[in-house]
Amino acid sequence: MAETEQITVATTSAGPGGTGEPGETVNLPVVELLTGRGFITGKSGSGKSNTASVIAEKLLDNGFGLLIVDIDGEYYGLKEEYEILHVGGDEECDIQVTDDHAGKIASLALEQNVPIILDISSFLDEEEAETLLTEVAKQLFAKAKKQKQPFLMLVEECHEWMPEKGSMGEVGKMLIKIGKRGRKHGLGIVGISQRPADVKKDYITQCDWLVWHRLTWNNDTKVVGRILDNKYADAVEDLDDGEAFMMNDWAEQVSRVQFHRKQTFDAGATPGLDDFERPELKSVSDDLVSELETISDEQQETEDRIKELREELDKKNSRIAELEAELQDARDLSRMAEQFTEAMLDQAEDYNPGRTEQEKMRRQRERFTDQQASDSDADADSEADANGPRNEQPPEPDETADATSGGGFGDAFSAFAEDGAAMNGGSASGSADANGSSPDIEPESDISSADAEPASNGHAENGAVATNGASPDNSAAAVPANGQAETDTAAADDEDLRAAIAEAVEAEQSDGATEAAEDETSSDADSPAVYADLRADIEELDRKTCRMLAYYREQGPGTPLNAHFSAGGSGDRTGAYARNRELRLRGLVEHVGRGKYDTRLAALVQEESDRRLDDDEAESVVSRLESAFLDGDSE
């Protein structure tokens, strides 16, 4: 490093506010420049960037280190004469960097005295650029505390990072910290801006040296008047390009100066009609780039590895989704198989009272037929001896059994057949005495008695006739002489019997329905008031919506499409989500994440009951409510 104590950057100029003779050399002390706080301002085109470049060139000529924060990509022209490391976000730079390179950039700048242009003009993401600048500033401040080496940091458009109004980000806070505390560590800073009114006054008032190029906006000239004097506020509007008022602590005076023109390629000049020729730029040492490339390679490897892991994760997630779908299909098939099996078992094992009683009567009829056959043979022989041949025959037992078998109404018929009660005015044996009462005589004994004893008046031509018109004890023996009358009587008895059976069955069913209603009423009466309201709400749902609710209750969290398919839907997404929305609006289900829903009946019961039920009571109500949708009867 050179032992130069001062650098020449300008000459004095004539005009209002000037002091001394025009053309005198203007020098800046290197130590004050490197470790102090400076501010260069002026409107666009007034020469402020040229002044910063001149100072940078003079420091580079003497081997001093610096870092330039380039906002607009106008400092790469320094590479025409100097070996300076150009880092940033595009291919124009020596190497593309991120915030991961911040530590290495600070190490090259302070430990190896490598001049650096930090070009953030090519970052499309402002947040990414701000993060990079923040990390570099932090690393410079941290390393400067250990190095104790003079080093200058130039920051273009500092009003974007240190605004007078509005909130200040991490970059601005770090730059303010360097301005306040960096001097004791040897770290200096120079802020460059075209709008001094927009720069934080806490920074400007702490600066050791200030350069004011041409300013025309009223707010900006007022700042000049407050810091310098009103006479300078008026004169600053008439300054030529490159001309400025310079104030510093070491001279304790304001000078009107004309800064030198920069010697390197002016990349920030406004394009004209002349052909643009970019000069040949110097390249930095391959060793410097390789150190940063190592970080980039490591970062790229990390990114590639992250990409691979994400791809593997996506594949695994896809496989998990496929397996979940297959599992759900298997569950659906299993449930359908169980339902089919239960239906078949119910059909095979269902209790049929008519069929059961009909089988019972069939066996009774067979026993009755066998008994009647043996009795009839004996009675026929006895009657043939006493009265001669008979024309009448008793009714066939098969007809009686068929008429009274109930055609499936076994319970009703059993009540009449087993108790021997009279049906439609008849007796169990089919006869009545003179007063309409029914004798309590077994059918077999009646038949034998009637056939064995002739009538008391001796008239047995067409059957036994009771004295004074009274019926004999055995109506089975009192057979009408006319066969047609016998048929009509049997038909009438058959119709009366069927009517009585139907009436008994209807009464039995009515009693069962009444009992069920009483049970339901009693059960509802014992339930909390919220049960009836929620049950009525559920019963308003159509069948598929109820079955979707049943799916969530049985299977737990699931998607509307799976629930709709399980409920018999066709897989229509619109229909599935429409029904699911109705359940959600009624509070019966809730979203539990990842597109899945689950029942919230217990929570709904608690809400409707104002939290007056404990968990067991709430679960009891929920179990009761399940009958409204698990049986699938709701329409």
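The values are calculated or read from the model by the stated rules, or taken from the named source; none is laboratory data. Note that the structure is predicted; figures quoted are calculated from it, not measured. Using ideal geometry, Cβ is built from the backbone for each residue, glycine included, and neighbour counts are taken over all protein chains shown. Please note that ligands, DNA and RNA were not included when accessible areas were found on the heavy atoms of the full protein model with its side chains. Shrake-Rupley method; radii C 1.70, N 1.55, O 1.52, S 1.80 Å.
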Between Asp202 and Gln347, what is the spin-label point distance in nm, taking each point 7 Å from the Cα along the Cα→C-beta axis? 8.6 nm
Taking a 19 Å limit on the Cα-Cα distance, which of the listed pairs Lys173/Lys201; Lys104/Lys184; Lys173/Lys222 fall beyond it? Lys104/Lys184; Lys173/Lys222
At most 12 other Cβ atoms within 10 Å and a DSSP loop assignment: could you name the GluC sites (Glu not before Pro) in the stretch 161-246 that fit? none
Which number comes out as Rg/Rh for the stretch 285-335 once both Rg and the Kirkwood Rh are worked out on C-alpha atoms? 1.54
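Tell me, what is the percent relative contact order of the stretch 531-631, built from C-alpha pairs under 8 Å that lie six or more residues apart?
Working: 114 pairs, mean separation 31.3, N = 101.
Relative CO of the stretch 531-631 lands at 31 percent.
Quick one, can you get me the convex hull of the C-alpha atoms of the stretch 531-631 expressed as volume per residue in Å³?
Details: hull volume 9.1 nm³, N = 101.
Output value, Cα hull per residue: 90 Å³.
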So for the pair Thr574, Asp287, with labels modelled 7 Å out along Cα→Cβ, what separation do we get in nm? 7.3 nm
What do you reckon, how do Leu210, Leu345 stack up by accessible area (1.4 Å probe), largest on top? Leu345, Leu210
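First measure r as the distance between the Cβ atoms of Glu237 and Met168, then evaluate 1/(1 + (r/R0)^6) with R0 = 30 Å and state the FRET efficiency to the nearest 0.05.
Numbers: r = 30 Å, r/R0 = 1.00.
FRET efficiency, Glu237 to Met168: 0.50.
Top to bottom by accessible area (1.4 Å), largest first, where do Ser255, Ser167, Ser290 land? Write down the numbers at each step before the final one.
On the way: Ser255 20, Ser167 110, Ser290 45 Å².
Order by accessible area, largest first: Ser167, Ser290, Ser255.
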Between Glu5 and Tyr82, what's the calculated FRET efficiency when r is the beta-carbon distance and R0 is 30 Å? Round to 0.05. 0.90
With r defined as the distance between the Cβ atoms of Glu127 and Lys315 and R0 fixed at 41 Å, what FRET efficiency is calculated, to the nearest 0.05? 0.85
At most 11 other Cβ atoms within 10 Å and a DSSP loop assignment: could you name the GluC sites (Glu not before Pro) in the stretch 20-79 that fit? none
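So how do Trp217, Trp250, Trp212 rank on accessible area, 1.4 Å probe, biggest first, that is with the largest at the start?
Working: Trp217 165, Trp250 90, Trp212 0 Å².
Ranked from most to least accessible, the order is Trp217, Trp250, Trp212.
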List the pairs from Lys138/Lys165; Lys43/Lys145; Lys79/Lys138 whose alpha-carbon separation is above 29 Å, in the order I gave them. Lys43/Lys145
Any idea how far apart Arg335 and Gln299 come out in nm if each label point goes 7 Å out from Cα toward Cβ? 5.3 nm
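Take the Cα radius of gyration of the stretch 6-263 and divide it by 2.2 N^0.38 Å, with N its residue count; two decimals is plenty.
On the way: Rg = 17.4 Å, N = 258, 2.2 N^0.38 = 18.1 Å.
Compared with the compact-globule rule of thumb, the stretch 6-263 sits at 0.96.
Full-extension gain between Lys177 and Ser620, please, as 0.36 nm times their residue separation minus the C-alpha to C-alpha distance. Let's see the in-between values first.
Numbers: separation 443, 0.36 × 443 = 159.48 nm, distance 6.66 nm.
Extra length from Lys177 to Ser620 when fully extended: 152.8 nm.
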Cβ crowding within 10 Å averaged over residues, with 219-229, 613-623, 305-315 ranked highest first: 219-229, 613-623, 305-315
